[in-house]
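K.L.:
Below you will find the structure I want to go over with you.
Nothing in this text is a laboratory measurement; each read-out follows from the coordinates by a stated rule. Since the model is a prediction, treat every value here as computed from it, not as a measurement. With ideal geometry, Cβ positions are generated from the backbone for all residues, glycine too; neighbour counts draw on all protein chains shown.
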Amino acid sequence: MHLQCGSYRFALDRPLVMGIVNITPDSFSDGGRFLAHERALAHAEKLIAEGADILDIGGESTRPGAAPASMQAELDRVMPVIEALQHHAIPISVDTQKPAVMVEAIRLGVAMINDVNALQADDALARCAASNVAVCLMHKQGTPANMQKAPIYSDVAAEVRDFLRARADACRALGMIAARIVIDPGFGFGKTVEHNFRLLHQLGSFGALGYPVLAGFSRKNSLGAVTGRAVEDRLAASVSAALLAVERGAHIVRVHDVRETVDALKVRAAMMAST
Ligand code: HH2
């Protein structure tokens, strides 16, 4: 199995670290916007220096309870940062649900479209299929505004897997090769704490679908629930979750704390090399 994203090819003989760059909505004045871009850019460069393999740039918060961003606001936040990062030799992923943002990002040469809506918006799948980007298809139940109210599953892993298989089939039907399709169970998106840990435990079964698997557990509420820690104090829990996901077969971990996650994976790599 390998991952083909844009012109980048990863053999997947080691886990990849996707570093998260969230462009926070700032003041609407030009000064505020400039500062937000500068901050995002500096953060992206820090994550590159720390060993990120892929950067995931997002301009719309999808945390539980978050309100959607307008298309223009998202474009204004994300595009200048993508453009400024083009000279770095690192694949850029854009975290968006909006086909118009996908189209612009693809035009700028991004390597991956990461969609928490699994390309279900009109035209999203066709636009991605017609380009050379990889896609990350994520499962969620409900929308960020309502998804944590009362998520219900009879068999969470089976239902999430069936959904991802169907979305991947839709991509294949438009000619995308398996190496361009990443699947993600969507930790925290319409799942209770118990659902999230059951999915983590059964992550290995997702690999059987034949696509690279991405896990994004970093700093999420379920880690707060089991440790009692606030979001800014979930580093150890996040690194642990990333390592457990890799042990359960994740090919890519989406994380805020790149440096520490890379260290943890180096420890694992040393152990693997010794056998
Ligand atoms: N989680 C978030 C956003 N995008 N994409 C994928 N593929 N998988 C995830 O688990 C995922 C995601 C939410 O996390 P975060 O980046 O911390 O929050 P936000 O983007 O809302 O600021």
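K.L.:
For K266, give me every one of the lysines with a C-alpha distance below 25 angstrom, ignoring sequence neighbours fewer than eight places off in its own chain.
P.N.:
K46, K220
K.L.:
Sticking with this structure for a sec: In the chain, what % of DSSP beta bridges are antiparallel (nearest 5)?
P.N.:
Close to 10 percent.
K.L.:
Can you divide the C-alpha Rg of the range 50-124 by 2.2 N^0.38 Å and report the result to two decimal places?
P.N.:
Ratio of Cα Rg to 2.2 N^0.38 Å: 1.07.
K.L.:
What FRET efficiency comes out for the pair A89/K266, r = Cβ-Cβ distance, R0 = 25 Å, nearest 0.05?
P.N.:
0.75
K.L.:
Something else now. I need the Debye-formula profile for the range 76-202: one equal scatterer per C-alpha, no solvent, reported as log10 I(q)/I(0) at q = 0.10, 0.12 1/Å, two decimals.
P.N.:
-0.34, -0.48
K.L.:
I'd like the projected area of the range 112-175, averaged over all directions, using the convex hull of its alpha carbons. Report it in nm² with one decimal.
P.N.:
The number I arrive at for the range 112-175 is 4.7 nm².
K.L.:
In whole angstrom, how far apart do the alpha carbon centroids of the range 211-248 and the range 67-107 sit?
P.N.:
Between the Cα centre of the range 211-248 and that of the range 67-107, the gap is 26 Å.
K.L.:
How are the C-alpha pair distances of the range 38-89 spread across 5 Å bins, as whole percents from the shortest bin up?
P.N.:
Once binned at 5 Å, the Cα pair distances of the range 38-89 give 4, 18, 27, 21, 17, 10, 3, 0.
K.L.:
Which whole-number percent gives the relative contact order of the range 164-231, counting Cα pairs below 8 Å spaced six or more residues apart?
P.N.:
Reported relative contact order: 34 percent.
K.L.:
For the range 165-207, state the semi-axes of the equivalent ellipsoid (square roots of 5 times the eigenvalues of the alpha-carbon gyration tensor), sorted largest first and rounded to whole angstrom.
P.N.:
Output for the range 165-207: semi-axes of 25, 11, 7 Å.
K.L.:
For the range 122-275, what ratio Rg/Rh do Cα atoms give with a Kirkwood hydrodynamic radius?
P.N.:
Radius of gyration relative to Kirkwood radius: 0.98.
K.L.:
Which FRET efficiency value, to the nearest 0.05, do you get for D169 and A49 by plugging their Cβ-Cβ distance into 1/(1 + (r/R0)^6) with R0 = 35 Å?
P.N.:
Efficiency computed from Cβ-Cβ geometry: 0.35.
K.L.:
Sticking with this structure for a sec: If I require 20 Å or longer along the helix axis, counting alpha carbons, and a Kyte-Doolittle average no lower than 0.5, what helices from the chain are left? Use full DSSP H segments.
P.N.:
Result, helices passing both filters: 71-85.
K.L.:
State the three equivalent ellipsoid semi-axes of the chain, derived from the C-alpha gyration tensor as the square roots of 5 times its eigenvalues, in descending order and whole Å.
P.N.:
25, 22, 21
K.L.:
Could you order peptides 77-85, 58-66 by the average number of other Cβ atoms within 10 Å of their residues, highest first?
P.N.:
Sorting 77-85, 58-66 by mean packing, highest first, produces 77-85, 58-66.
K.L.:
Continuing with the same structure: Kindly state, as a whole number, the per residue volume in cubic angstrom of the convex hull around the alpha carbon atoms of the range 1-137.
P.N.:
In the range 1-137, the Cα convex hull volume per residue is 113 Å³.
K.L.:
Would any residue of the range 100-116 have its amide N under 11 Å from a label point 7 Å out along Cα→Cβ of A66? List them or say none.
P.N.:
116
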